[in-house]
Amino acid sequence: MLPRKAGMHIVILLVISLSCSLIASGQRRRTQQTKEQISFGSETLIKRRVRIPQNVLNQLSDFEDGYLKRCQQDEYSRQQNIANHFAASALNINSDGQGDLIVQAQTQCFMGAHNTTFWIFAKVAQRLYPGYDMIFAKRADFLGILKSSTNGYRDIETASHTTLETYTTIWKFDGQNYQPRLCTIQGTTRKVVRVRCSPE
């Protein structure tokens, strides 16, 4: 039979061990819940949608010389709330610790037959009026956020296709903007051919 003090020590150790296990389990669940979405498609729903800040909506309203305002004049495409034209998900596009956003078009204003427009906004806190800067805007069938990075910003892959070919582009950040750096075409033979990237 264990002495009373020794028994109490064992109980305390068991309680501490159980508490640590519960905390670790909770942390794992929170990590899984906040895991960012890195793959997007014109026919894929955005997961873990977040509210779009007004600063971002203002930039989307001005995009392409205010095309959204003209689109809102069409009775078939207008939305009571312009935020309904878009869906956003949180991600970390750079290493500054700020919460960045990817936005995907949800209505015909910025969507085609089998593609959609994607925007990426980097959160900027170190200035007089903190907000978001649009750092990427492209129309594609697919967009993926890659693990690799250039100049502190994660590389991006986009793909668009026709009936016969798929065009893929790897985008890298040059310090100010994303530039196309590796472009390929895959045809019906399934052979991937590197091609010259079109200037943006």
Practice item. Mind telling me which of the residues ARG78, ARG127, ARG70 ends up being closer than 19 Å to ILE52 by Cα and at pLDDT below 90? Key: ARG78
Revision key, fill the gap. When region 113-163 is checked residue by residue, the ones that are of a type in the set (Val, Ile, Thr) and touching a strand residue (DSSP E or B) at 6+ places or on another chain (Cβ under 6 Å) are THR116, THR117, ILE120, VAL124, ILE135, ILE145, THR150, ILE156, THR158
Check your understanding: Take the residues of region 114-128 that are of a type in the set (A, V, I, L, M) and in contact (Cβ under 8 Å) with a residue 24 or more places away in the chain: which is nearest to LEU60 (Cα to Cα)?
Key -> ILE120
Point to revise | Residue within region 141-149 that is of a type in the set (S, T, N, Q), modelled with pLDDT of 95 or more, open to solvent by less than 40 Å² (accessible area, probe 1.4 Å) and not in a loop (DSSP other than H, G, I, E, B) present | key: no
**Study point:** Checklist (1) over 25 Å from LYS191 (Cα atoms); (2) of a type in the set (A, V, I, L, M); (3) touching a Lys or Arg at 6+ places or on another chain (Cβ under 6 Å) applied to ALA137, failing item
**Key:** (3)
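The values are calculated or read from the model by the stated rules, or taken from the named source; none is laboratory data. Predicted model, so just to flag it, every value in this text is computed and none were measured. FYI the Cβ positions are ideal-geometry reconstructions off the backbone, even for glycines, and counts take in every protein chain you see. Just so you know, the surface numbers come from the protein's heavy atoms only, side chains and all, with ligands and any DNA or RNA stripped out. Shrake-Rupley method; radii C 1.70, N 1.55, O 1.52, S 1.80 Å.
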